[in-house]
Structures are given as structure tokens and as C-alpha cells.
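K.L.:
What follows is a single structure, and I will ask about it in a moment.
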Amino acid sequence: MKEMKYEGIVKAIFIERPNRFIALCKVNQEICKVHVKNTGRCAELLIKGVTVYLQESEDPKRKTKYSLIAVEKGNRLINMDSQAPNEVVEEALASGKLKLPGMEEGLTFIKREVTYDASRFDFYVETYEKKGFVEVKGVTLEQDGYVMFPDAPTERGLRHVEELIKAKQEGYECYVVFVIQMKDVLYFKPHVERQKAFAEALKRADKLGVRLLAYDCLVTPDTLELDHSVQVQLEEV
């Protein structure tokens, strides 16, 4: 399976994040405005002085020359690109590396960004006999070896889970795939303290047949690849 590949990666030092979309980073002794491709809090990642990896844009019309792709957290490299999880999941679905429980016979059709009721799911998939929806969530929050989602409260994410429950009850196979944008983690769990309602909805979805999957990733400064399945732990909420 091909990994997701970034071109034009440069090493830099993170200085500060004035708002959700912009960071200031030192690139070759020059302070540059950088586009942050992740609107989550990422407070435990973006700490002054940490090493980050930026993608240089060749578009002269862009307001920012660079986009923030990855960050070092101790000995761990974490991809922060919120668009990357969908890319690696699409590649894994198409190649057959990611096999969906209940649809193991193989996908015959994959389509991105499909509307169902009040939501737009990341993927609509089919086998010869079944139809399903896949929603993808990127995970960057790590603590003591385990990872959590969400980083910040997400009403959109909550609605997605509730809509997946409805779709499952109407006969679709339904999945939430948590893409852990790092390697060497112990397990995944919902972040109850950050958004109890999302954790409750996830537990309800699991009981009603929505499949909850988590995968870690092989990460380098310029690549990302879906790797191994990670245990999902649903605690009492």
C-alpha cells in the first residue's frame, strides 16, 4: 500500500499560535506565518520551542507560505494534518488493507463525501450485497501512551455518531474509524472529560451495532500510512 506523501517539507521551530488557523514558526532564523491544518486545541503539542515540520507551498497567491504538518512530542512524531486521515483511509479501503467487519468480502464501490439525512459522511461503500457509511476521525491527543478523541468538543462529530446509529437501524453497515496520527500507543478511548455527550453517544452506537475501529499510523516528516489496529476501550460514562 502506498503511504501518503508530502512534498517540500522543511524543519522549523514553533513559536506561538495567535489563532486556530495561524502559527508563528522560525524557519531558517526567519519568523513565518504558517497555516495550521488542524483547528483542534492541540495545546499539549504546540508548545513554544518544539520542533515542527512544515510543507512549503508553491502557490504564489497563498497568504501563508507554509502549512504545519507534523510535530515532535518527546520521542514521538505526530502528524497534525486534519485532512490526512481521510486520505490514508481511502487508500487503505481501496487497497484492501482496511477490511470493514461485516463487509470482508471486499468493496466494489467507494465514494467520498456522501450526504445522508442531516449529515455528510466521509465515505459511502458497497459490496455486492451490502451498503455502508464510514466516518473518519483523526486523533492527535496522547497521554501516558493512550489516545483520546475529541481534542475539543465537537457538535458535528456528535451528530455524525447519532446519524450513523440511525443509518444502522435502517439497514446500512456503519463505522467510525479513528485514525491515530502517531505510532506506539496502548489503546484508544473517548475523551469523557472533554465531551461526555460524545462518549455516551459512542457507547450507545457500539451497543446498537455501529463498528468502532482504531488504527495507528507510521509517521515520518513527509509520509503517513495507516498501520495496525488499536484496541478501543469504552469506559463507564
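The values are calculated or read from the model by the stated rules, or taken from the named source; none is laboratory data. These figures come from a predicted structure and were not determined experimentally. Here Cβ is always computed from backbone atoms with ideal geometry, including for glycine, and neighbour counts include all displayed protein chains. These accessible areas exclude ligands, DNA and RNA; they are computed on the full protein's heavy atoms, side chains included. Shrake-Rupley method; radii C 1.70, N 1.55, O 1.52, S 1.80 Å.
K.L.:
Cα centroids of segment 154-225 and segment 118-138: how far apart, whole angstrom?
P.N.:
Measuring centre to centre over Cα atoms gives 13 Å.
K.L.:
Shifting gears a bit: Say a paramagnetic label sat at a point 7 Å from the Cα of E7, along Cα to Cβ; which residues of segment 45-70 have their backbone N under 19 Å from it?
P.N.:
Label zone hits: 54-70.
K.L.:
Between Y146 and E58, what FRET efficiency comes out of the Förster formula 1/(1 + (r/R0)^6) with R0 = 30 Å and r the beta carbon distance, rounded to 0.05?
P.N.:
The value I calculate is 0.20.
K.L.:
What is the chain's relative contact order, in percent, from Cα pairs under 8 angstrom and six or more apart in sequence?
P.N.:
Once normalised by length, the contact order is 17 percent.
K.L.:
Separate question: Once both axes come from the Cα atoms, what is the angle between helix 84-95 and the longest principal axis of the chain, in degrees from 0 to 90, rounded to 10?
P.N.:
It is inclined by approximately 50 degrees.
K.L.:
Here is a further query. With the Cα gyration tensor of the chain giving a ≥ b ≥ c as the square roots of its eigenvalues, does the rule (a/c under 1.5 for rounded; else a/b larger than b/c for prolate; else oblate) give rounded, prolate or oblate?
P.N.:
Judged from the Cα gyration tensor, the chain comes out prolate (a/c at least 1.5, a/b above b/c).
K.L.:
Ok, one more. Rolling a 1.4 angstrom probe over the protein chains, ignoring ligands and nucleic acids, what is the accessible area of E235 in square angstrom, nearest 10?
P.N.:
It works out to around 80 Å².
K.L.:
Compute the angle between helix 155-169 and the longest alpha-carbon principal axis of the chain, please, reported from 0 to 90 degrees and rounded to the nearest 10.
P.N.:
Between helix and principal axis, roughly 20 degrees.
K.L.:
Also: State the answer as a single residue: which of Y124, V136, L234 lies farthest towards the positive end of the charge dipole of segment 98-237, with beta carbon charges of +1 for Lys and Arg and -1 for Asp and Glu, about the Cα centre.
P.N.:
Y124
K.L.:
In whole percent, and with a 1.4 Å probe on the protein chains, what portion of the accessible area of the chain is carbon and sulfur?
P.N.:
Looking at the chain in its full context, I get 45 percent from C and S.
K.L.:
Would you mind calculating the relative contact order of segment 109-187 from Cα pairs under 8 angstrom and at least 6 residues apart, reporting the percent as a whole number?
P.N.:
Over segment 109-187, the number comes to 31 percent.
K.L.:
What is the ratio of the Cα radius of gyration of segment 108-187 to 2.2 N^0.38 Å, with N the residue count, to two decimals?
P.N.:
Here the answer is 1.22, to two decimals.
K.L.:
Sticking with this one: Helix 196-207 against the longest principal axis of the chain: what's the angle in degrees, Cα atoms only, rounded to the nearest 10?
P.N.:
In the chain, helix 196-207 runs at an angle near 40 degrees to the longest axis.
K.L.:
When all protein chains stay in place, what accessible area (Å², nearest 10, 1.4 Å probe) is found for L218?
P.N.:
The accessible area comes out at roughly 70 Å².
K.L.:
With every protein chain present, what is the per residue accessible area of segment 107-237 (1.4 Å probe, Å²)?
P.N.:
Each residue of segment 107-237 exposes 45 Å² on average to a 1.4 Å probe.
K.L.:
Now for a separate question. In what order, largest first, do E170, E3, E129, E142 sit by accessible area if the probe radius is 1.4 Å?
P.N.:
Sorted by accessible area, descending: E129, E170, E3, E142.
K.L.:
Once you have a ≥ b ≥ c as the square roots of the Cα gyration tensor eigenvalues for segment 125-237, tell me rounded if a/c is under 1.5, and otherwise prolate or oblate according to whether a/b is larger than b/c.
P.N.:
Oblate.
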